Structures are given as structure tokens and as C-alpha cells.
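Report on the following structure.
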Amino acid sequence: MTEFQISRLLAGLPLPAMLVRDGERVEACNAPAVALLGEGMVGRHPAIAVRAPTVLEALAAASPDRPPQEARMIQRREGQEQVFQVTVSALGEGLVLVVFRDVTEEERAGEMRRDFVANVSHELRTPLTALMGFIETLKHAAKDDPRAREMFLGIMEAEAGRMNRLVGDLLQLSRVEAEERVRPRDRVELRGVLEGVISSLRGMAEKTGDSVVLTGEPATVPGDRDQLVQVFTNLVENALKYGAAGQAVRVSLTPEETVRGPAVRVEVADEGEGIDPVHIPRLTERFYRVDTHRSREMGGTGLGLAIVKHIVSRHRGWLRIESEKGRGSRFQVVLPLG
């Protein structure tokens, strides 16, 4: 194979690739491989370019009589870990082609799917186990005990409601993720949305002596009204649940200039105990809870803020969370005015 043919072969590959001659010398690299492995690798031993033992073993085992060898390589760049699937193919004449495919995102997605299934299974297993236990008790030990039957049926109703909320939130999250790339085009007046949300939660606020105060001028944004109602219902409801009893939850609309142009910021601020800053980056993860027991007691599924994040993303906005221990929390949704 001539030098010109080698050059054309590598240039035609979109993935990082290098040719190794006789297992001892890097014959050539394409531009993506230079970006991955660094300059000055041509003419040097492949162990200098690639320091993954599994890849070097695949190189040593490469032969025209054998199928391509597969190896896995992990590389750290700028503090980030990248995972590569490496294919090693013998071409003949002492040449071996080594191609690197970045599978980092695939592995992360696979890990997220596994975590998601494990979390859903865990969330459903607890109420299901409780229901099965109570049904067994009602069929036998408590069959003729009216007081026990009444108590167990109340608990079973609560556990069934918890499963129903979880399934509902899972379906909602799935719908929101499916629509995330489709930007809504209706015009929605935010102050009216917030007034409706506050009115619907007035009964909940009155139970704990809370009040919800709305300030700010009307503002109209491109949006999906039902989804925006869901966002602000979730945020105001969380403020009422986790804030201090007798507090004033403050909801405000404020104009804001962003790099993308004019926008409006909707802030929901409570007077609760606040959130440790270590938790804030993870609050919008599925099933992540600061206080698991308290969240479940309050009827939370661990999916509310994940749904909020995806809806806000669909509206081309962003969510900010600010909190200090003992000084309450502030959830800000910034939406472009179009």
C-alpha cells in the first residue's frame, strides 16, 4: 500500500484511526486521531500513542487470518472520562488499522436506563409489598376485625394512591421528553397562569396558615399553557410543602435581559429550612430526593423537578435554584419573550 493510498484511506474515515506497521511503529494517523492521541505519534511505538493494555494486546494478536479484534480504552481529558471501543483489523503487508469509536454517551445512556429501571422497581416494590401484606392479613388474621379492616384499608388506599401518582408522573415525564424538541408557539400570559395556580392551591396553603403573594406585571411568552401551569403548580406546591408553617411564599415576575434577548423571570421563594448546596446540582435528577422519607410522606414521587426541567427546556428557558441553609429556597424559571 502506497503512502498516497494510506493517506486517502485514513482521510476517508470520520473516526480517529491510525495505521501500525509490524506492531512496532505508527505508520500514519488521520486528523481526528491526532486530536485524540496528540501530535508527533507517527514513527513512534504504538505503546506511546495508546497506553491501554487491552488495545496493545489486540494489536499483538491481529492477523489477516483472524477477525478484527475489539478492545476497550478509557482516557481522561480535561478532567472528563471518555470511553472508546477500539477495533483492530489486520490489512496485510504488516499493516494493522486501529479505529477508535467514542462510546461515552452510549455507556452513560445505558447506565441511566439501568438506574431508571432500578429506581422505578424500588419505588413500586415498597407499596406493592405493603398492599400484598395487608391483603393477606385481611383474608386471614383481620378477617373478622372491623377496626383493623378499616385501618388497613386506609393504608392500602394511601399506598395505591402513591403508585397511581408515580405511574402518572412517569407517563407525564415520557410525554414531556418526547415533545422536548418541539417548541410551543401559543401565546401565554404568565400572570394569569400564576393567579390560577395560586387560587388552586389556596386550600393547601390555608391548612398550614401559609399565604402566597404574587407581584409583577403581566408578561406574555410563547408556550404551552397546560405545561406552564404544571411547572408553577409544582414549584408553588413544593414551597408550601417544604417551607415553614405560617410563611409567606413569594411569587414574582421580573423582566430580565439575557444573551438570547428579553426574557421574564418567575421566582418562587419560600421561608423554609433551605437546601444544602451539595444537593442543588442533582435536584432535577429523576428520583433524587434531599430527604427521602419526608418526600414520600408528603406524597412526592421524586419526578416533579425532572418534569419541570424538561418543560422549561422545551420552552427554551432555564431553571435556576438558589438556597442557603436556614434562609429558604428560591426557584427561578427564566422564559424568553420570543
√(5λ) per eigenvalue of the Cα gyration tensor, the chain, largest first, Å: 54, 30, 17
Relative contact order of the chain, pairs being alpha-carbon contacts under 8 Å that are 6 or more residues apart, as %: 11
Low-density loop positions, GluC sites (Glu not before Pro), the range 92-129 - DSSP coil, at most 16 other Cβ in 10 Å: E93
Residue-averaged 222 nm ellipticity for the chain, from DSSP H runs of 4+ at -39500 (n - 2.57), nearest 500: -14500 deg cm²/dmol
Order of V197, V99, V229, V117 - criterion: other Cβ atoms within 10 Å of each residue's Cβ, fewest first: V117, V229, V99, V197
Residues with amide H under 5 Å from that of Q82, placed H, sequence gap 5 or more: Q75, R76, R77
Helix 304-314 vs. the chain, principal-axis angle (Cα, 0 to 90°, nearest 10): 60
Neighbour-count ranking [beta-carbon atoms within 10 angstrom, fewest first] of I307, I275: I275, I307
Assigned charges on the beta-carbon of Lys, Arg, Asp, Glu; the range 88-165 dipole about Cα centre (debye): 420
Between 0 and 90°, nearest 10: helix 190-200 axis offset from the chain longest Cα axis: 50
Compactness of the range 184-338 as Cα Rg over 2.2 N^0.38 Å, two decimals: 0.99
Those trypsin sites (Lys or Arg not before Pro) in the range 178-266 that DSSP places in a loop and that have at most 10 other beta carbons within 10 Å: R181, R185
Between 0 and 90°, nearest 10: helix 146-179 axis offset from the chain longest Cα axis: 50
Extension gain, V34 back to R260 (0.36 nm per residue minus Cα-Cα distance, nm): 77.8 nm
Low-density loop cleavage sites - trypsin sites (Lys or Arg not before Pro) in the range 21-81, where at most 12 other Cβ are within 10 Å (DSSP): R44, R51
Computed magnitude of the charge dipole of the chain (debye, nearest 20; Cβ of K, R +1, Cβ of D, E -1): 280
Exposure proxy ranking, count of Cβ atoms within 10 Å, fewest first, for T301, T87: T87, T301
Label-point gap, in nm, between T54 and A141 - each point 7 angstrom along Cα→Cβ: 5.1
Total charge dipole magnitude, the range 1-145, about the Cα centre, Cβ charges on Lys, Arg, Asp, Glu only, Debye to nearest 20: 80
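Each value in this text was obtained by applying a stated rule to the coordinates, not by laboratory testing. All figures in this text were calculated on a predicted structure; none of them were measured in a lab. No Cβ is skipped: glycine too gets one built from the backbone with ideal geometry, and neighbour counts run over all protein chains shown.
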